[in-house]
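Asker: Here it is, the structure in full.
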Amino acid sequence: EEQLVAQGLRVTAEPGPRSRLRAYLAEVKAGNRVRLAYRCGWHGPETAPSYLLADGTLLGQPAELVVLHNPPEDAAQRCGAGGTLEGWQRGVAALAVGNPMAAFCIAAAFAGPLLLPAGEHTGGGFHLFGGSKRGKTTAMQMGLSAWAPPFKVGGALRDWRNTANALEAVAEDAGDALLALDELHQANPMDVAAACYMLAEGAGKGRLRADASARRRRTWRCCILSTGEHDVASAVARAGQKLPAGAEVRLASIPIDAAGSAWPNLHGFRDVPALAAALHDAMAEHHGEAARAFVAALATQWQDDPAALRDAIAELRERLIQRLPAQADAQVRDVARRCALVAVAGELATRWGILPWAAGEAEAAAAAMLAAWMLRRPGGAGSAEAAAMLEQVRRVLLAHEAARFTTLVKDNEGRWYELAPERPVVNRLGWIKREGERVEWLIPAEAWRGEVCGPAGLDPTATARCLAERGFLRRDGRHLTVNGSIPGHGKMRCYHIVPTLFDDQEAPT
């Protein structure tokens with residue numbers, strides 16, 4: 001009706017004629033159907049999948065026409081194509097061979113379209129951090145060049161200096177594709193942790209219209225690449241906050257070494273700046289064609305034999321995950337699954353002739369980046385929360401052992417007594433029980449909650465259980481505390497910590 005009015009139709013304001021016109025329009029049978037889409041990416045059934053770019057271009061063999069509602073003003077920059085696929089292969093992709101960071105970023109560019117066929121309904125990503133001039137942004141731009149011009153001015157590269165609303169819009173425009181965010185230090189530290197959760201979970205904040213009805217909630221599914229000089233935890237710490245382990249897993253911080261080791265293969269160029277200059281020239285001329293070719297090949301494979309595609313994805317992913325230690329924590333396995341999907345995307349692009357690489361190049365790059373992340377991660381392949389708990393207890397004991405603990409020893413008759421301290425013990429935290437070579441720290445339950453776990457925001461019971469499972473806490477049967485007599489204080493329940501807590505190897509449980 002709005003379009004008819006815009007073209008000159010005049011309808012009386014009386015309700016009768018207007019309702020008859022609506023009834024007539026409702027009975028019109030159109031020959032073709034048009035699907036209105038509110039975000040980019042995959043649409044339609046897997047029997048005829050179609051992929052919608054930000055400028056409204058439709059890829060694949062759709063069963064019906066899909067039209068993007070209200071395309072962004074800079075849609076041409078978000079998905080513009082230039083040059084040729086062969087030029088991009090020679091000038092960009094070929095120079096990533098032997099450079100794990102660059103190869104990983106290029107492979108990650110193809111991971112976004114693979115999320116839905118792989119059965120992943122949310123995204124997540126990786127944050128590359130290290131000192132300036134190490135080629136982090138250049139590597140990320142190499143991946144982004146598969147989709148569009150990879151520059152901030154006139155291109156698809158975005159930075160972290162955005163409001164939450166703007167980040168939602170940027171993420172939705174990168175649906176089933178690659179979201180590249182540069183310079184984490186520009187973000188508001190108060191918003192970083194929440195942004196990591198939001199971007200990875202694929203849904204924006206719920207909002208209301210002026211009439212209290214619900215607005216359409218922005219949704220997306222994408223692979224995220226981010227860069228910065230510091231890791232995500234450090235960015236959050238600037239606001240006096242602690243990064244939850246869940247946020248660290250959703251945007252895994254991968255350390256990047258000095259420029260020379262970050263780019264081990266210079267491909268004949270005299271140094272890294274010369275290589276970067278050649279890459280920027282090539283990306284300015286050739287961009288956008290690789291992603292189109294990958295999506296077209298993926299849509300064909302998905303439509304012709306979806307079961308075979310899923311089996312191929314599962315087989316390739318399993319190869320990388322099998323490299324993990326058997327006791328690897330669920331958080332590590334989650335990051336490994338995401339790295340494995342990047343490897344799968346790169347290997348499929350190689351099979352389909354889009355990447356001019358030898359088989360295994362993408363898999364090796366993903367394995368190298370996963371190893372770099374695990375090497376720096378607190379707890380290694382174990383739980384980050386458990387590592388934080390152990391570290392907090394160690395920190396408290398080391399900081400306060402001399403000033404806030406009283407020593408307990410046995411007399412000649414085998415009775416425990418407090419050894420007179422050299423100076424008064426103020427605000428006692430607990431006792432140190434010494435019997436020959438055997439040492440234990442005794443901390444009352446109240447001090448454990450308020451002094452040991454409270455300042456770090458740790459759950460007291462979970463922290464004690466973590467120590468007990470690793471053999472660092474002496475238990476009283478099923479109880480985590482031991483009920484004993486303290487000279488001069490009577491009976492009380494205390495946590496008994498054993499010195500193996502400070503050993504390099506965890507004690508057997």
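The values are calculated or read from the model by the stated rules, or taken from the named source; none is laboratory data. Quick caveat: nothing in here was measured; it's all calculated off a predicted structure. Using ideal geometry, Cβ is built from the backbone for each residue, glycine included, and neighbour counts are taken over all protein chains shown. Just the protein is used for accessible areas: all its heavy atoms, side chains included, with ligands, DNA and RNA removed. Shrake-Rupley method; radii C 1.70, N 1.55, O 1.52, S 1.80 Å.
Asker: With every protein chain left in place, what is the accessible area per residue of the chain in square angstrom, probe 1.4 Å?
Answerer: Details: 24290 Å² over 509 residues.
Per-residue value: 48 Å².
Asker: For region 15-45 and region 51-124, what is the separation of their Cα centres, given in Å?
Answerer: 30 Å
Asker: Taking Cα atoms, how many degrees apart are the long axis of helix 164-173 and the longest axis of the chain, rounded to 10 and kept between 0 and 90?
Answerer: For 164-173 against the chain, the angle is about 50 degrees.
Asker: Kindly write out, for region 432-439 in residue order, the coupling ³J(HN,Hα) from the Karplus curve 6.51 cos²θ - 1.76 cosθ + 1.60 (θ = phi - 60°), rounded to whole Hz, with x marking Gly and Pro.
Answerer: Once θ is set to phi - 60°, the couplings for region 432-439 become 10, 9, 10, 9, x, 7, 8, 9 Hz.
Asker: Which one, GLY135, LEU157, LEU167, is farthest towards the positive end of the dipole of region 131-288 when Lys and Arg carry +1 and Asp and Glu -1 on their Cβ?
Answerer: LEU167
Asker: Measure off, as a whole percent, the carbon and sulfur share of the 1.4 Å-probe accessible area of the chain, all protein chains present. The partial results should precede the final answer.
Answerer: Numbers: 12260 of 24290 Å².
Its accessible area is 50 percent carbon and sulfur atoms.
Asker: If each residue of separation counts as 0.36 nm, what is the full-extension length gain between ASP459 and THR57 once their alpha-carbon separation is subtracted? Could you put the intermediate results ahead of the total?
Answerer: On the way: separation 402, 0.36 × 402 = 144.72 nm, distance 5.13 nm.
In short, 139.6 nm is gained.
Asker: HN-Hα J couplings of region 297-303 from phi, Karplus 6.51/-1.76/1.60, θ = phi - 60°, integer Hz, Gly and Pro as x?
Answerer: With coefficients 6.51, -1.76 and 1.60, one gets 5, 5, 4, 5, 5, 5, 6 Hz.
Asker: Under a point-charge model restricted to the Cβ atoms of Lys and Arg (+1) and Asp and Glu (-1), what is the dipole moment magnitude of the chain relative to its Cα centre, in debye to the nearest 20? Before the final figure, lay out each step's value.
Answerer: Values: 57 positive and 57 negative charges, 252 e Å.
For this selection, approximately 1220 debye.
Asker: Taking the Cα atoms of region 237-362, report the difference between the largest and smallest coordinate on each principal axis, in whole Å and largest first.
Answerer: 44, 43, 28
Asker: Which of the lysines could be linked to LYS491 by a straight reach, that is with a Cα gap under 23 Å, when you skip same-chain ones fewer than 8 residues away?
Answerer: Hits, sequence-local ones excluded: LYS410, LYS433.
Asker: Write down the Å³ per residue value for the convex hull defined by the alpha carbon atoms of region 25-123.
Answerer: Given the Cα convex hull of region 25-123, per-residue volume reads 162 Å³.
Asker: Between ARG475 and ASN412, what is the FRET efficiency for a Förster distance of 30 Å, r being their Cβ-Cβ separation, to the nearest 0.05? Walk me through the numbers on the way to the answer.
Answerer: On the way: r = 30 Å, r/R0 = 1.01.
That pair, ARG475 with ASN412, gives E of 0.50.
Asker: Once you put a point 7 Å from the Cα of THR500 and another 7 Å from the Cα of ALA399, both along the Cβ direction, what distance in nm separates them?
Answerer: 2.7 nm
Asker: 5 Å is the cut-off here: which amide hydrogens, built 1.01 Å from N in the peptide plane, fall below it relative to LEU128, excluding neighbours closer than 5 in sequence?
Answerer: Residues meeting the amide H criterion: SER226, THR227, GLY228, ILE254.
Asker: Given the whole protein assembly as supplied and a 1.4 Å probe, what does the accessible area of PHE110 come to in Å², nearest 10?
Answerer: Using a 1.4 Å probe on the heavy atoms, I get roughly 0 Å².
Asker: Write down the percent of antiparallel bridges among all DSSP beta bridges whose residues are both part of region 1-105, to the nearest 5. List each step's numbers first, then the result.
Answerer: Working: 6 of 10 bridges.
In region 1-105, approximately 60 percent of DSSP beta bridges are antiparallel ones.
Asker: Could I ask something else about it? Taking the C-alpha atoms of region 416-509, how large are the radius of gyration and the largest Cα-Cα span, Dmax, in Å?
Answerer: Considering region 416-509 through its Cα atoms, Rg and Dmax are 13.6, 38 Å.
Asker: Report the gain in length on full extension from TYR38 to ARG310: 0.36 nm times residue separation, minus Cα-Cα distance, nm rounded to one decimal. Don't skip to the end; give the middle numbers.
Answerer: On the way: separation 272, 0.36 × 272 = 97.92 nm, distance 2.69 nm.
Gain in length upon complete extension: 95.2 nm.
Asker: Taking N as the number of residues in region 277-420, what is its alpha-carbon radius of gyration divided by 2.2 N^0.38 Å? Write down the numbers at each step before the final one.
Answerer: Details: Rg = 26.4 Å, N = 144, 2.2 N^0.38 = 14.5 Å.
Relative to the 2.2 N^0.38 Å estimate, region 277-420 comes out at 1.82.
Asker: While we're here: Using just the alpha carbons, could you tell me how many Å³ per residue the convex hull of the chain encloses? Before the final figure, lay out each step's value.
Answerer: Numbers: hull volume 112.4 nm³, N = 509.
Spelled out: Cα convex hull of the chain, divided by residues, is 221 Å³.
Asker: Moving on to the next point. So what is the relative contact order for the chain, in percent, with contacts set as C-alpha pairs under 8 Å and at least six apart?
Answerer: Numbers: 915 pairs, mean separation 73.8, N = 509.
After rounding, I find 14 percent.
Asker: Which values, in whole Å and largest first, are the semi-axes of the equivalent ellipsoid of region 193-296 obtained as the square root of 5 times each eigenvalue of the Cα gyration tensor? Walk me through the numbers on the way to the answer.
Answerer: Details: eigenvalues 257, 110, 26 Å².
Largest first, region 193-296 gives 36, 23, 11 Å.
Asker: Continuing with this model, one more query. Pulled fully out, how much extra length does the chain show between LEU266 and ARG90, if you take 0.36 nm times their separation in residues and subtract their Cα-Cα distance? Intermediate values should be presented prior to the final figure.
Answerer: Details: separation 176, 0.36 × 176 = 63.36 nm, distance 1.44 nm.
Contour length minus Cα-Cα distance gives 61.9 nm.
Asker: Determine by what factor the alpha-carbon radius of gyration of region 115-208 differs from 2.2 N^0.38 Å, reporting the quotient. Kindly include the intermediate steps, with their values, before the conclusion.
Answerer: Details: Rg = 13.6 Å, N = 94, 2.2 N^0.38 = 12.4 Å.
For region 115-208, the normalised Cα radius of gyration comes out at 1.10.
Asker: A follow-up question, please. Only bridges whose two residues both fall in the chain count here: according to DSSP, what percent of them are antiparallel, nearest 5? Each step should come with its number before you reach the end.
Answerer: On the way: 29 of 54 bridges.
Taking every DSSP beta bridge within the chain, about 55 percent pair in antiparallel fashion.
Asker: Please report, in debye to the nearest 20, how large the charge dipole of region 348-493 is about its Cα centre when each Lys and Arg carries +1 at its beta carbon and each Asp and Glu carries -1 there.
Answerer: Numbers: 21 positive and 17 negative charges, 49 e Å.
Charge dipole of region 348-493: 240 debye, to the nearest 20.
Asker: What does the helix-only formula give at 222 nm for the chain: each DSSP H stretch with n ≥ 4 adding -39500 (n - 2.57), the total divided by the residues, and the result rounded to the nearest 500 deg cm²/dmol? Don't jump to the answer; show the numbers that get you there.
Answerer: Details: 18 runs with 203 residues, N = 509.
That comes out to -12000 deg cm²/dmol.
Asker: Bin all alpha-carbon pair distances of region 399-442 at 10 Å intervals from 0 and give each bin's fraction as a whole percent.
Answerer: The calculated distribution, bin by bin, is 28, 54, 17, 1.
Asker: Within region 304-443, what percent of beta bridges assigned by DSSP are antiparallel, to the nearest 5?
Answerer: Working: 8 of 12 bridges.
Bridges in region 304-443 that DSSP calls antiparallel: roughly 65 percent.
Asker: A further question on this structure: For region 204-261, what is Rg from Cα atoms divided by 2.2 N^0.38 Å, rounded to two decimals? Let's see the in-between values first.
Answerer: Numbers: Rg = 17.2 Å, N = 58, 2.2 N^0.38 = 10.3 Å.
My calculation over the Cα atoms of region 204-261 gives 1.67.
Asker: Quick one: ranking ASP281, ASP231 by accessible area, 1.4 Å probe, largest first, what do you get? Before the final figure, lay out the partial values.
Answerer: Values: ASP281 110, ASP231 15 Å².
Largest accessible area first, the residues go ASP281, ASP231.
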